[in-house]
Each structure stands twice: as structure tokens, then as C-alpha cells.
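A.B. asks: This is the structure I want to talk about, given as C-alpha cells.
We did not get these values from a lab; they are worked out from the coordinates using the rules stated. Keep in mind that this is a model prediction, so the values were computed, not measured. Every residue, glycine among them, receives a Cβ derived from its backbone with ideal geometry; neighbour counts consider all protein chains shown.
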Amino acid sequence: MTTDRFADQWAEPEAAVWKVNLVSAASIKPVAIRWLWPGWLAQGKLHILAGAGGTGKTTLLLGLIATITTGGRWPDGSRCTEPGNAIIWSSEDDPGDTLVPRLAAAGSDLSRVHIIQGRTNAQGDADPFDPANDIALLRAAAKEIGGVSLLMLDPIVSAVKGDMHKANDVRRALQGVVDFAEQNLCAVVGISHFAKGGAGSSPTDRVIGSQAFSALARTVLVAAKQEDSDMRVLARAKSNIGTDEGGVSYTIEPVDIGGGIDATRVVWGDAIEGSAREILGDAEATVNDSTPDGDDPAEALRRILSVGPLTGKEAKSLMIGNGYSDKQVRNARERLSVVTARSGFGGETVVHWSLPQATGPFVPFPPVMPSEPQSCPPLEVGTTDEKGHDWVKPVFVEGDEEAF
């Protein structure tokens, strides 16, 4: 009897029973993405900035930090509407002789930029900061400075404890970084490198390490440098939260900030249309700026447009039909300062190209085309010349005339 009375008291507790928590989508309130730089940098998200050596990735990102800390203008001309703080962790650049001079050259508000230089405890002990283990410590630090808009991790692979080529190790390690971004409404940007030998492949596949880096990042930005000039390009290779098309050109210029200190800063150029693969392909191409017979692409384009304004599609088709590459057409257009004029709306938009001296009130009209295929004499089309070069008749191809 006694045993029965106390049986429940000594019984083993039942194991917790788990169940799946299903939430109706109707009860979840939709929220908009909160952007720092609309379409490029989002609050609360992880981003990857990757590129080959020499593209100036760190200088580029420090330029964006200058925009954030001062409420300046983004590369596309829009203004940063929410000035904020930035935190930088870098294992590759010295704060005194590299990071701070470049931040100053970019015009940053240095009081809003905080550089991680180790960790300390209540006893005054100091240790190096390890992004693979210490990301959680940044939460309190970010709160102390009044919040953070952007966290720069250079390189992002340093946040991985384990093998950066194994997806499970990368996902496990970067979860803390993703959590930090969400909890602080902070854009985290991790700098990475391109793997060797990947030119021409998908830009996201070129990011060094496991594909989990690109998979976890909501946006992957890629940078490349033109082989024959100082021009560089920044493009969106992937975005789960916005468009993944388009880019912007930039250069890196030296700056004397005084006191005998030299630094560099980014100078933003024009917007570029097209996919990241196309933009990087043009930048990394190693073609010469002339055809085999030495004909200057800019002179060829000048002759094409000398008959009057043409649509961008027609002008591009004629150039390509005469043996010029997309990159050569782009460079020729820039050298000639070709004037563009739009007509129509939406899917009916047409862009016309004309030479600078033909500017003025522009009314789009059907282009004047000669009856013969060779529409830009004296380019030889459709025959084999005395030098043995086979020229292809121009064939109009479908494509976006605004790609240049």
C-alpha cells in the first residue's frame, strides 16, 4: 500500500514531447526590406563583396562607409537617408597606416567609425578578437556606441571555425554573423576573394571557399578591373531581396591627406547595365582595342553614326557585324561621347545614338539606312579583303540597346 501511495513521486518524469509549430501566413504581417543603399545594401542582412586582387575591394567598402557615416551620396547619386555608425574588423590592414588614412581620404566621419582591436575582460586582460568565436561580444559593444549600420569583416573566411570549403562548417560558423545582422538591423559585409581560374564562369561560383558563402549571403557583390586601364566595375551577382542586374564603374585614385601620409580613395563613375557575368566579362576581357587590320573602333562608330542617329541596337549590330567586340563598342561610345536620347515608355522604349555635333532638340525618326548591307563605308562587309580578313555582313540581333 505504501509503495502504491508514493509510486507517482518516484516515477521517472515523462520526456518532453515536441511538435511542429505551424503559423498561418495570414497572421504574419509583411514588412518591407530596410535599405541602406537601395538595391545594394540592406539592413539586417549578410552581404559578400568578392573580387580578384587589385580591384580595391577594401578601399571601395571604406568609401561606402564614408557615405554611411556622413549621410552622403551613394554611387548612383541617391542620398544615404540614415547616417549611422560602422564597425570594422580587418586582419589584413593596419588601422594606423592604412584604414584610417583611407577613411579620411574618403571623407568619413571618423567619430562614427569603430575599429575592433582585440577584446578585454574585467581584470584588464587583453586578447586578439576572433570573429569565429567572439561575434556575440559585438552585441554589447554595438549597443554602447548607439547602434551600428554596417559591420565590415575582412576577410569573411576568418569568421569560419572549421573548413571553409565544407558547407556545414561555413553555415554553422556564419549563423552567428547572420544573427548579429538581424538583431542589430545591421548590414554585414564580408570581403572575399575570387578563386583562381574561374574567369568566365558564374560570378557567385568564383567566390573562394564553399558555395555556402554565396548561399547564405542575401546579396553578393563582385568587383573586377579592366586589363587595359584603371577602370574597375562593381556589379550585383546575386540578390535574394532585389534585382541582380546592373553595376557601376569606379577608379581608385591616390590622395595626400597631409602630414606626409598618402592614401587612396574610390571615385565612382557611370552606371552599367547588364548581368554581372556580362559586366565582369567585358572588364576582364584581354582583347585589343582594334581589329586585325588596325581599324580604330571609335572611327568605325563615327562613320556609322555620320549618316544620322541610329538606334543603339542597330549601331551595335553594325559594329559587331564588322568584327568588333562588345567591349570595343562600349569603349568607342565613351571615346566619342555619343549622345543618347530615349523615346517611348516601358517595353516600347527605344534609345537612339548620335554624334555630339548632332545634339539639339531631338525628334526620333526612322534611321537613314543605305540600300546595301555595308552601312558604314569604307568598312568592307561580306567579302574577303586583300589581306585575307573575312568580314561578316551585319545582322541585326535581338538585344538590349541600353546595354551600353
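A.B. asks: Efficiency by 1/(1 + (r/R0)^6): what FRET value for residue 278 and residue 167, r their Cβ-Cβ distance, R0 = 25 Å, to the nearest 0.05? Before the final figure, lay out the partial values.
C.D. replies: Working: r = 28 Å, r/R0 = 1.13.
E between residue 278 and residue 167, to the nearest 0.05, is 0.30.
A.B. asks: Once both labels are modelled 7 Å past Cα along the beta-carbon direction, what's the residue 110-residue 195 spacing in nm?
C.D. replies: Inter-label distance under the simple model: 4.1 nm.
A.B. asks: Hey, another quick one. Residue 165: net charge of surrounding residues, Cβ under 15 Å, Lys/Arg +1, Asp/Glu -1, itself excluded? Let's see the in-between values first.
C.D. replies: Numbers: positive: 161, 166, 171, 172, 196, 206; negative: 163, 169, 205.
Value of the local net charge: +3.
A.B. asks: Strictly over 26 Å apart at the Cα level, which of 45/196; 19/45; 166/196; 143/238; 196/313 would you flag in this model? Don't jump to the answer; show the numbers that get you there.
C.D. replies: Details: 45/196 28 Å; 19/45 29 Å; 166/196 18 Å; 143/238 31 Å; 196/313 35 Å.
From the list (45/196; 19/45; 166/196; 143/238; 196/313), the Cα-Cα distance tops 26 Å for 45/196; 19/45; 143/238; 196/313.
A.B. asks: Residue 81 to residue 185: extension gain in nm, 0.36 nm per residue of separation minus the Cα-Cα distance?
C.D. replies: Numbers: separation 104, 0.36 × 104 = 37.44 nm, distance 1.51 nm.
Here the segment from residue 81 to residue 185 would lengthen by 35.9 nm.
A.B. asks: Want the number for residue 334 to residue 270: 0.36 nm per residue separation, take away the alpha-carbon distance, what's left?
C.D. replies: On the way: separation 64, 0.36 × 64 = 23.04 nm, distance 1.07 nm.
Contour length minus Cα-Cα distance gives 22.0 nm.
A.B. asks: Follow-up question, since we're still on this one. Please compute the modelled spin-label separation between residue 32 and residue 243, points set 7 Å along Cα→Cβ, answer in nm with one decimal.
C.D. replies: Here the answer is 1.7 nm between the modelled labels.
A.B. asks: Give, as a single signed number, the net charge of other residues whose beta carbon lies under 12 Å from the beta carbon of residue 191, with Lys and Arg counted +1 and Asp and Glu -1.
C.D. replies: Net charge around residue 191: -2.
A.B. asks: Continuing with the same structure: Sketch the reach of a paramagnetic label on residue 349 as a point 7 Å from Cα along Cα-to-Cβ, and name the residues of region 234-255 whose backbone nitrogen lies under 19 Å away.
C.D. replies: Output list for this probe position: 236, 242-249.
A.B. asks: Let me ask something additional. In the neighborhood of residue 105, defined by Cβ-to-Cβ distances under 10 Å, what is the net charge if each Lys or Arg adds +1 and each Asp or Glu adds -1? Could you put the intermediate results ahead of the total?
C.D. replies: On the way: positive: 102, 265; negative: 253, 256, 262.
Around residue 105, the surrounding residues sum to -1.
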